[in-house]
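So the structure is just underneath, and the comments pick up after that.
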Amino acid sequence: MEISTRAQKLEPSVTLAASAKANALKAQGNDVLSLTVGEPDFTTPKNIQRAAIQAIESGQASYYTPSAGIKELRQAVVEYIQRNYRLEYQMENVIITDGAKFALYLLFQAVLNPLDEVIIPVPYWVSYGEQVKLAEGVPVFITCAQEEKFKVTVEQLEKARTDKTKILILNTPSNPTGMIYTEEELQKIGDWAVLHDILIVSDDIYGKLVYNGAVFTPISTLSKEIQRQTIIINGVSKSYAMTGWRIGYAVGDQAIISAMNDIASQSTSNPTAVSQYAAIEALSGEQDTVETMRQAFEERLNKIYPLFAAIPGFKMEKPQGAFYLFPNIKETMDLCGYTDVTKWVDDLLAEAHVALVTGAGFGAPENVRISYATDLPTLEEAAKRITAFIEAKSTK
Ligand SMILES: *Cc1c(COP(=O)(O)O)cnc(C)c1O
């Protein structure tokens, strides 16, 4: 049986592939340091675990839920957005999904017609372009220079705009760059999107993970018009250490949310009930653990950034949010006599047993992504091994 062209054209997730490769090597008994995966290394906070256990034992979690999610959770999202964004929404503006990733998937399915264009600033999170293609849309990539902190400008957006442009995807703080757009930058971008009736998809998943005084401004908060033009994408995975529970959400225009819900109702039916009960506690319960985890990431960043910045040829700015470093390693390539970062990453894994993700999957073939969502000793040892690997290869 032939596989569909749709599936054949799809790129599998590079981050999941890189971590699978590292795990395979580990399973053979090798001492592998994996800095690949984009998930917190903390376990889900106890109060959230307990809420889930209670939902199971009481029997509440036994049944299908409404496909848009249980009312209490949608209401918890409304209140969370009220508290954190000072924006007013109704439950009808909210859909609960199987992770933020599936919220994005549903959104593209609900909004895009064949050949509609979606502007995606580069470097990008690996799934955006592939999901747009699955919805028969056309990803339009804009390369953002590292010197500009990888941020897109209105001038670049205007150059890329056509009468087919329907969506702009923004992700701040960014995976993989860790950069944050300022309020001023976002205001200009938001006004541009309103002027040209382009839907802003604001992926806010790292909004709580900002460091050293950096401030996350959600673009949706900058004017009533921008709010109307924006779909907020978020979830509990990153800030509550809940990646395995698969709960995300989208908030925005009721007609779009309702179309997303129709598609969800014919595909997944509903996100897992027990996870929804856990997510209510995450969003509405005590928030101290969020801050504790944020501080832990900040402390690690501050400790390991100088170590990685000192690796020969690694060029980067200190990230402001998320939990990744994203150095340009072109000079390292020159030092080691390599031309291809992906080959270098493969050899680093095979010979030094350190797993990174090649930047190619994020649209930045001269970079690598290093996740620091792991313990300090691992990170320190990884920096040492990478340095030793480069010194051993060094042809100069
Ligand atoms: C992790 C991540 C997501 C998806 O998270 P879910 O686990 O599906 O909720 C979405 N966007 C970015 C940028 C991410 O890094």
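The values are calculated or read from the model by the stated rules, or taken from the named source; none is laboratory data. Remember, predicted model here, so these are calculated numbers, not experimental data. Don't worry about glycine lacking a Cβ; one is built from the backbone with ideal geometry, like all the others, and counts go over all protein chains shown. The accessibility values were calculated without ligands, DNA or RNA, using every heavy atom of the protein model including side chains. Shrake-Rupley method; radii C 1.70, N 1.55, O 1.52, S 1.80 Å.
Summary table below
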quantity	calculated
Solvent exposure ordering (accessible area, 1.4 Å, most first) of Phe141, Phe150, Phe323	Phe141, Phe150, Phe323
Dipole of the chain, positive end: most advanced residue of Gly235, Thr43, Pro327 [Cβ charges, Cα centre]	Thr43
Acute angle (nearest 10 degrees) that the helix 254-265 long axis makes with the longest principal axis of the chain, alpha-carbon atoms	80 degrees
Ordering of 236-249, 175-188, 42-55 by burial proxy (mean other Cβ atoms within 10 Å per residue, highest first)	236-249, 175-188, 42-55
Mean separation of Cα contacts under 8 Å (6+ apart) over length of the stretch 62-284, as relative contact order %	29 percent
The stretch 200-205 - phi-based ³J(HN,Hα) in whole Hz, Karplus 6.51/-1.76/1.60, Gly and Pro as x	8, 9, 9, 8, 9, 4
Cα centre as origin, Lys/Arg/Asp/Glu Cβ charges: the stretch 62-284 dipole, Debye	420 debye
Of Lys159/Lys224; Lys21/Lys393; Lys101/Lys133; Lys26/Lys46; Lys330/Lys393, those spanning more than 19 Å from alpha-carbon to alpha-carbon	Lys159/Lys224; Lys21/Lys393; Lys26/Lys46
Highest to lowest packing among 3-10, 157-164, scored as the average C-beta count within 10 Å	157-164, 3-10
Residues of type aspartates and glutamates that Lys208 reaches as a straight line, Cα spacing below 19 Å, ignoring anything fewer than 8 places off in the same chain	Glu39, Asp41, Glu79, Glu183, Glu281, Glu286, Asp288, Glu291, Glu298, Glu299
Amide H partners (placed H, <5 Å) of Ala322, local residues excluded	Leu209
C-alpha long axis of helix 183-195 to longest principal axis of the chain, angle in °	50 degrees
Using a Förster distance of 41 Å, the FRET efficiency for Asn23-Glu148 (Cβ separation, nearest 0.05)	0.70
The chain - convex hull of alpha carbons, volume per residue in Å³	155 Å³
The stretch 114-198 shape via C-alpha gyration tensor axes, a/c threshold 1.5	oblate
Mean ellipticity per residue at 222 nm, deg cm²/dmol - from DSSP H runs of n ≥ 4 across the chain, formula -39500 (n - 2.57)	-13000 deg cm²/dmol
Angle between the chain longest axis and helix 99-111 axis [Cα atoms, degrees, rounded to 10]	60 degrees
